[in-house]
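Asks: One structure coming up, written as structure tokens, with questions to follow.
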Amino acid sequence: MSDAHLTERQLPGRAEPVDLTDEPFQLSHPGSAEPSTRRAGGSRRRRAILAALAALGLLGAGALGSAGWRIAQQKDADIATPDRVAGLVRDDSERARNTADYLRSGFAADIELDRSFGTVYRDPADERRSVLIFGGTTLLWQPERDLDSLFGLMTETPGEVTGLREVPAGRLGGFVKCGTTSGEGGDFAVCGWADHGSVVMAMFPGRSVDDSARLLREIRETVQTRR
């Protein structure tokens, strides 16, 4: 056995000495981010997510605010039945009153109303073009759904409503829809409106759907007011 000092012994095939420097070792993968960088990236992502959620919250609040304003604006409605409206004259004959009361009662049985009405308006130019209008006032949370339900009830009778479509509502807003149905006198237009404070249906014998929609808007803007 050699008595040479261990540090002086040569080992076969030994690699070159490792030069230790004062530079720090790189312990992480060269392509990985520093912890501070990762924290900064995560923080940015969290801020972006929070900003997106805040924006969605504002949009939701805006939609709810708009709906709330619309309900508050429309909920307190009144409907009058003046002697004359849109060139028509109210028919106060017993036959007309009985017809109007029958329609009003049937309508009120299908939807709970605070106040209901039914009226017949005759056209001085043509007695066959009288307008039957009936409905009432109440708070409606989903006026379009309720209006569709009322049209749906009419399809359960022999006079099914066909070609139902939405038409411009005019300055009072809400929903106005018209279609065609049939009766003893043949086909005629039927239209209705609904907002958060009222729902009304009207029958227009001898008139087209477009003419009836225009006439209903004119009648509505005369008979409906809001408190």
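The values are calculated or read from the model by the stated rules, or taken from the named source; none is laboratory data. All of these numbers come straight from a predicted model, not from anything done at the bench. Heads up, the Cβs are rebuilt from the backbone with ideal geometry, glycines too, and the neighbour counts pull from every protein chain shown. To get the accessible areas, we keep the full protein, side chains included, count just its heavy atoms, and leave off ligands, DNA and RNA. Shrake-Rupley method; radii C 1.70, N 1.55, O 1.52, S 1.80 Å.
Asks: Which condition breaks for residue 82 when tested against (1) assigned to a loop (DSSP other than H, G, I, E, B); (2) open to solvent by less than 50 Å² (accessible area, probe 1.4 Å); (3) within 12 Å of residue 137 (Cβ to Cβ)?
Replies: It fails just one condition, (3).
Asks: Restricting attention to the range 204-227, which residues are in contact (Cβ under 8 Å) with a residue 60 or more places away in the chain and among the charged types (D, E, K, R)?
Replies: Once the filter is applied, which keeps residues that are in contact (Cβ under 8 Å) with a residue 60 or more places away in the chain and among the charged types (D, E, K, R), the range 204-227 yields 207, 218, 226, 227.
To keep it simple, each residue is scored yes or no on (1) in contact with a strand residue (DSSP E or B) (Cβ under 9 Å, 6 or more places away or on another chain); (2) under 14 Å from residue 171 (Cβ atoms); (3) modelled with pLDDT of 95 or more.
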residue: 182; (1), (2), (3): yes, no, no
residue: 194; (1), (2), (3): yes, no, yes
residue: 198; (1), (2), (3): yes, no, yes
residue: 206; (1), (2), (3): yes, no, no
residue: 211; (1), (2), (3): yes, no, yes
residue: 220; (1), (2), (3): yes, yes, yes
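Asks: Limited to the range 106-148, what total is found for residues that are over 21 Å from residue 204 (Cβ atoms) and among the small types (Gly, Ala, Ser)?
Replies: 2
Asks: So which residues in the range 112-148 are in contact with a Pro (Cβ under 7 Å, 6 or more places away or on another chain) and either open to solvent by 80 Å² or more (accessible area, probe 1.4 Å) or closer than 18 Å to residue 79 by Cα (or both), if there are any at all?
Replies: 128
Asks: Right, another one. If the requirement is being charged (D, E, K, R) and in a strand (DSSP E or B), which of these qualifies: 129, 104?
Replies: Criteria check complete, one pass: 129.
Asks: Could you tell me which of the residues 72, 109 is open to solvent by 80 Å² or more (accessible area, probe 1.4 Å), at pLDDT below 95 and among the hydrophobic types (A, V, I, L, M, F, W, C)? Spell out how you get there, then give the answer.
Replies: Values: 72 fails: open to solvent by 80 Å² or more (accessible area, probe 1.4 Å).
109 is the lone residue from the list that is open to solvent by 80 Å² or more (accessible area, probe 1.4 Å), at pLDDT below 95 and among the hydrophobic types (A, V, I, L, M, F, W, C).
Asks: What are the residue pairs meeting all of these: first residue in the range 89-116, first residue under 22 Å from residue 194 (Cα atoms), second residue assigned to a loop (DSSP other than H, G, I, E, B), Cβ atoms under 6 Å, and 6 or more apart or on different chains?
Replies: That search, which allows pairs on different chains as well, returns 113/138; 114/138.
Asks: I'd like to verify a number: residues in the range 107-126 that are of a type in the set (Asp, Glu) and either over 29 Å from the mean Cα position of the chain (by Cα) or in a strand (DSSP E or B) (or both), how many?
Replies: 2
Asks: Which numbered condition in (1) modelled with pLDDT of 85 or more; (2) loosely packed, with under 12 Cβ neighbours inside 10 Å is the only one that residue 62 fails?
Replies: So residue 62 meets the others, but not (1).
Asks: Quick check: anything in the range 145-166 in contact (Cβ under 8 Å) with a residue 40 or more places away in the chain, under 20 Å from residue 67 (Cβ atoms) and not aliphatic (A, V, I, L, M)?
Replies: Within the range 145-166, one or more residues are in contact (Cβ under 8 Å) with a residue 40 or more places away in the chain, under 20 Å from residue 67 (Cβ atoms) and not aliphatic (A, V, I, L, M).
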